[in-house]
1. Could you tell me the relative contact order of the range 40-170? Use alpha-carbon pairs under 8 Å, at least six residues apart, and round to a whole percent.
2. Over the range 40-170, what portion of Cα pair distances is larger than 22 Å, expressed as a whole percent?
3. How do 44, 156 rank when sorted from fewest to most other Cβ atoms within 10 Å of their own Cβ?
4. Ranked by Cβ crowding within 10 angstrom, fewest neighbours first, how are 39, 70 ordered?
5. Out of the GluC sites (Glu not before Pro) in the range 95-171, which ones are loop residues according to DSSP with at most 13 other C-beta atoms within 10 Å?
6. Mind jotting down the distance between the C-alpha centroids of the range 42-63 and the range 133-171, whole Å?
Amino acid sequence: MIKSKRKITAVLVATFVLLALGVVGFAQRHFMVITPRPDVKMQLSAAVERNSEMVPLEKAAAVNPGEVLDWTITSENGGTASAFEYKAVAHIPRGTTFVAGTAKADGAKAIYSIDGGKSYSEQPTVEEKQADGSVKRVAAPLSMYTDIRYEWSDPLVQGGKVTASYKVRVK
């Protein structure tokens, strides 16, 4: 008799648990509010300017000093909402120097870093000691540039796509 009461109790508890889980699962599927949010995926690609043509970096066996790499960042919003104040950061690889005037992106402003991305400026400057001993702020040389940040003023809408590019020269 005690064994059968235990079995009945166990069956009732198991049934109750399964029923409760079923109700919770049903509620999650049918009554849960999903918050719209952006989901931006980025892709980085590069090509080498070689013999007046562009060779994808993955097909170039090696890059040589003096060659120019053309980097492209493509960002696509596959989410369910717009991405506001969207920014993309491009790194200038070691052993290369940024090519002046090549940072481009429709609708975006490009700003630069010379400290590994800790701070950004439209025109980075460094202190330079003058002949008279005073210190003057001057434009940083392109060889000091480490990163470029692209800032879009318009939101990256759901399903939207933006592209940014820049060039570097191999040292």
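Please treat every number below as a calculation from the coordinates, not as lab data. On a predicted model such as this, the values are computed, not experimentally measured, just so you know. Because the Cβ atoms are built from the backbone with ideal geometry, glycine has one as well, and the counts that use them run over all protein chains shown.
1. Values: 283 pairs, mean separation 48.5, N = 131.
Relative contact order of the range 40-170: 37 percent.
2. Working: 3865 of 8515 pairs.
Result for the distance tail: 45 percent.
3. Values: 44 12, 156 22.
Ranked by crowding around the Cβ, least crowded first: 44, 156.
4. On the way: 39 12, 70 17.
Ascending Cβ contact count within 10 Å gives the list 39, 70.
5. Values: sites: 122, 127, 128, 151; in loops: 122.
Within the range 95-171, the qualifying GluC sites (Glu not before Pro) (loop, at most 13 other Cβ atoms within 10 Å) are 122.
6. Taking the Cα centre of each part, the range 133-171 and the range 42-63 sit 20 Å apart.
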